[in-house]
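The values are calculated or read from the model by the stated rules, or taken from the named source; none is laboratory data. Note that the structure is a prediction, hence the values are computed from the model and not measured. Every residue, glycine as well, gets a Cβ built from its backbone with ideal geometry; the counts of neighbours run over all protein chains shown.
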Amino acid sequence: MMELRDLGARSGMKVPPVNMGAMRFPRDVKDAVSLVRYAIDAGMRYIDTSRGYAESEWIIGRALRDGYREKVILSTKSSPWIIKLRPDDGPTAATVRRRIEESLLRLDVDYLDYYQVWNINSREHYEEATAPGGMVEGILQAIDDGLVRRTGFTTHDTVENLKDYVREASWCDTILFTYNLLNRQYEPAMQAAAEQGIGALIMNPVGGGRLAEESPVLLELAHQVGAADVPELAIRFVTSNPWVTCAVSGINRQADVDHAVSAAAKPSFNAEQMRLINEFLDARTPQNTGFCTGCKYCLPCPQGIDIPAVMRCIDNARNWGLLQAARRQYQNIKSAKADACNQCRACEKKCTQNLSIAEEMRWAEKHLT
Ligand code: SF4
Ligand code: SF4
């Protein structure tokens, strides 16, 4: 069994280093129910689901019968800026109460360990959620009524805003951040949260699956610090950070559970190994490579190409060795792609990094299609 850690000083609960994200379950319901139980039997404890994750709540409800409910910390979430189920849904105490009661029915449980405000992504969201009569008031009332035990929020907001929220949010026990080898921006906010006794939970520890794919560049780093492969490197990097409480990893098959649990069973990286990893990653940031920073000054392109999006794919393929992930990401770009480039070079006059964008479009067309 995995060692347990404090889920932040405020919560008083304990969690293992890796836990279950419930948004990528298999479509076959019997497989999905078995997978949830498999993960719990393997030691995963915190379950992060949402009213907006298709049938996830319903599947978890089936899986938690037969004594499994008592083994887990069950967390779900909603917000009207992500999902509106009725036209009058708003960031109010009344709406969140309806959603809590609905999640209890779908999950078929008497109480929730956590009910989270889903994605506070701006100061406006924060103000709406915490206003008198707002979502937080509704959740705190549900806590008083015994329907919910604790609360917090998930986020993709700016680091500066988050530092303010953790000072203000006496109601909040945990925050769910994105953090992984490819995205370290929230480290200062995670530290600020931990210093206030707020647990920092981490979504996307394997970069939304990108770090589960082959990368000769990252494999070299993994071997330098004694990790067997890149997914193990990714999980241990997250769980070794002193400001991280635990990772919440989306599971779709038993192998996802096995990989996460076996990585978490390995020792945390020591300070020297973390220094090596961070140095390696720092050397590949746009500030140090001089590549695209995503500033968008080059836009608009007369051909309608989303230049920063194409450049991100190029960076993933060339700088990080994540060719397959980059190709998939490139296919998903909705606007015109590199093949629409007529080499006019209007963008290059505006590029803050003086990049040869027209040449890069040729590279993308050749290597990413
Ligand atoms: S060179 Fe290509 S990418 Fe740049 S503005 Fe012209 S068409 Fe757009
Ligand atoms: S201006 Fe240059 S650095 Fe900025 S997004 Fe465009 S290509 Fe990237």
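Filtering the stretch 310-327 to residues that are in contact with a Gly (Cβ under 9 Å, 6 or more places away or on another chain) and away from ligand 2 (no atom under 12 Å from the Cβ) leaves 322, 325.
Where residues in the stretch 328-363 are of a type in the set (A, V, I, L, M, F, W, C) and away from ligand 2 (no atom under 12 Å from the Cβ), which of them is nearest to residue 304 (Cα to Cα)? My answer is 336.
Looking across the stretch 283-313 at every residue that is of a type in the set (Ser, Thr, Tyr) and over 25 Å from residue 214 (Cβ atoms), the one that is farthest from ligand 1 (Cβ to nearest atom) is identified as 293. Considering the stretch 194-241, and only residues there that are surrounded by 17 or more Cβ atoms within 10 Å (Cβ to Cβ) and in contact with a Gly (Cβ under 6 Å, 6 or more places away or on another chain), the residue that is nearest to residue 319 (Cα to Cα) turns out to be 215. Summed over the stretch 335-369, residues that are touching a strand residue (DSSP E or B) at 6+ places or on another chain (Cβ under 8 Å) and near ligand 1 (Cβ under 9 Å from one of its atoms) total 5. Of the residues making up the stretch 181-207, those that are closer than 17 Å to residue 7 by Cβ and part of a loop (DSSP other than H, G, I, E, B) number 4. When residues in the stretch 275-293 are screened for being basic (Lys, Arg) and farther than 12 Å from residue 184 by Cβ, 1 of them pass.
If you go through the stretch 163-184 and pick out every residue that is at pLDDT 95 or above, polar (S, T, N, Q) and surrounded by fewer than 17 Cβ atoms within 10 Å (Cβ to Cβ), you end up with 1.
Scanning the stretch 127-180 for residues that are among the hydroxyl-bearing types (Ser, Thr, Tyr) and touching a residue at least 40 places away in the same chain (Cβ under 8 Å) yields 130, 154, 165, 174, 179.
Considering only the stretch 44-99, state which residues are among the basic types (Lys, Arg), in a helix (DSSP H, G or I) and over 26 Å from residue 255 (Cβ atoms). Within the stretch 44-99, 97, 98, 99 qualify. The set of residues from the stretch 141-165 being over 24 Å from residue 204 (Cβ atoms), of a type in the set (A, V, I, L, M, F, W, C) and in contact with a helix residue (DSSP H, G or I) (Cβ under 9 Å, 6 or more places away or on another chain) comprises 142, 147, 148. Per this entry, residue 42 is counted among residues that are modelled with pLDDT of 95 or more, aliphatic (A, V, I, L, M) and under 23 Å from the mean Cα position of the chain (by Cα). Counting the residues of the stretch 118-147 that are acidic (Asp, Glu), in contact with a strand residue (DSSP E or B) (Cβ under 9 Å, 6 or more places away or on another chain) and under 15 Å from residue 82 (Cβ atoms) gives 1. Taking the listed residues 316, 332, the one that is outside the structural domain of residue 239 (by TED's automatic domain parsing), at negative phi, surrounded by 16 or more Cβ atoms within 10 Å (Cβ to Cβ) and more than 13 Å from ligand 1 (Cβ to nearest atom) is 316, with no other qualifying.
Looking at the stretch 248-293, which of the residues that are part of a loop (DSSP other than H, G, I, E, B) and more than 27 Å from residue 17 (Cα to Cα) is farthest from ligand 2 (Cβ to nearest atom)? If we take residues in the stretch 248-293 being part of a loop (DSSP other than H, G, I, E, B) and more than 27 Å from residue 17 (Cα to Cα), then 283 is farthest from ligand 2 (Cβ to nearest atom).
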